[in-house]
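The values are calculated or read from the model by the stated rules, or taken from the named source; none is laboratory data. What you see is a predicted model, and the numbers here were worked out from it, not measured in a lab. Reconstructed Cβ throughout: ideal geometry from the backbone, glycine too, with neighbour counts over all protein chains shown. Surface accessibility is based on the protein's heavy atoms, side chains included, excluding ligands, DNA and RNA. Shrake-Rupley method; radii C 1.70, N 1.55, O 1.52, S 1.80 Å.
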Amino acid sequence: MTWEELEKAAKACRRCALCETRTNLVFGVGVRDAQVMFIGEGPGENEDLQGEPFVGRGGQLLDTMLEIIGLDRRKNIYIANIVKCRPPRNRDPLGTEQEACIGWLRAQIGLVRPRIIVCLGRIAAQVIIKPDFKITQEHGVFFDVDGIQCTALYHPAALLRDPRKKPDTFVDLKALQAKILELCPDTYKRS
Ligand code: URA
């Protein structure tokens, strides 16, 4: 399937009830052959309205975090979510909604073919890395999942709620930068 076919099919998706309340399906943003992919949980209100991941306050913080290690959503990474439509009142996506939606993300990962995946928050890490992933204990640790180096950072919304987590995230970002320089330094040649 091509990117165009995948995006068109996703945007017509009615596999779960979230399609009834969405304004926009939030497909993904960034460089479609990036070597580093970021995966969030699901769209919030601003993302639903604008059709792009991480555009609210959390998104601004994410952009700052990316900038610290030379990453940019329009230049050298791809960003998508576990679920593509906003859960009402920003509740966690249900297991059934995640199951209905995950095929779209798996197809995106298949097209991007990243060397590194960075999960944002516990929910993404439990889907991508392992079901019992503990974000407070395992953030910043790299796991080999089917040949892809996968790690998780605290979700930007969690950092906004509890800024005391920011120093840990800075350490994790520097470790991520080192991993990128080791595995896919060309990431930094893209501008
Ligand atoms: N939180 C997420 O996990 N994803 C978004 O796109 C926005 C907020």
Notebook entry, point to check: With (1) farther than 24 Å from H139 by Cα; (2) open to solvent by 40 Å² or more (accessible area, probe 1.4 Å); (3) touching a residue at least 12 places away in the same chain (Cβ under 8 Å); (4) of a type in the set (A, V, I, L, M, F, W, C) as the list, and A107 as the residue in question, which single condition is left unmet?
Noted result: (2)
Check: Within the range 71-83, is even one residue part of a loop (DSSP other than H, G, I, E, B) and closer than 13 Å to F27 by Cα?
Finding: yes
Margin query: For L160, only one of the following conditions fails: (1) within 16 Å of the ligand (Cβ to nearest atom); (2) within 19 Å of L183 (Cβ to Cβ); (3) out of contact with any strand residue (DSSP E or B) (no Cβ under 9 Å at 6 or more places or on another chain). What is its number?
Written below: (2)
Check: Out of curiosity, is K134 free of Cβ contacts under 8 Å to residues at least 24 places away in the same chain and more than 16 Å from the ligand (Cβ to nearest atom)?
Finding: yes
Notebook entry, point to check: Counting only residues that are touching a residue at least 40 places away in the same chain (Cβ under 8 Å) and within 9 Å of the ligand (Cβ to nearest atom), which one in the range 56-65 is surrounded by the most Cβ atoms within 10 Å (Cβ to Cβ)?
Noted result: L62
Item checked: Selection status of T187, surrounded by 18 or more Cβ atoms within 10 Å (Cβ to Cβ), away from the ligand (no atom under 16 Å from the Cβ) and over 14 Å from I39 (Cβ atoms) -> yes
Notebook entry, point to check: Could you give every pair whose Cβ atoms fall below 6 Å, whose first residue belongs to the range 66-86 and is surrounded by 15 or more Cβ atoms within 10 Å (Cβ to Cβ), and whose second residue is among the charged types (D, E, K, R) and at pLDDT below 95, counting only separations of at least 6 or pairs across chains?
Noted result: K75/R190; N76/R190
Notebook entry, point to check: What number of residues within the range 36-47 satisfy the criterion of being buried (at least 24 other Cβ atoms within 10 Å of the Cβ) and either modelled with pLDDT under 95 or more than 7 Å from the ligand (Cβ to nearest atom) (or both)?
Noted result: 4
Notebook entry, point to check: Would you call P53 within 10 Å of the ligand (Cβ to nearest atom) and either in contact with a Pro (Cβ under 7 Å, 6 or more places away or on another chain) or under 24 Å from R115 (Cβ atoms) (or both)?
Noted result: yes
Next item on the list: Report, ordered by the first and then the second residue, all pairs with beta carbons closer than 6 Å, sequence separation of six or more or different chains, a first member in the range 1-14 that is free of Cβ contacts under 8 Å to residues at least 24 places away in the same chain, and a second member that is surrounded by 11 or more Cβ atoms within 10 Å (Cβ to Cβ).
Entry: E7/F27; K11/L25
Next item on the list: Residue by residue through the range 14-33, note down the ones that are part of a loop (DSSP other than H, G, I, E, B), under 18 Å from I109 (Cα atoms) and not aromatic (F, W, Y).
Entry: L25, V26, G28, V31, R32, D33
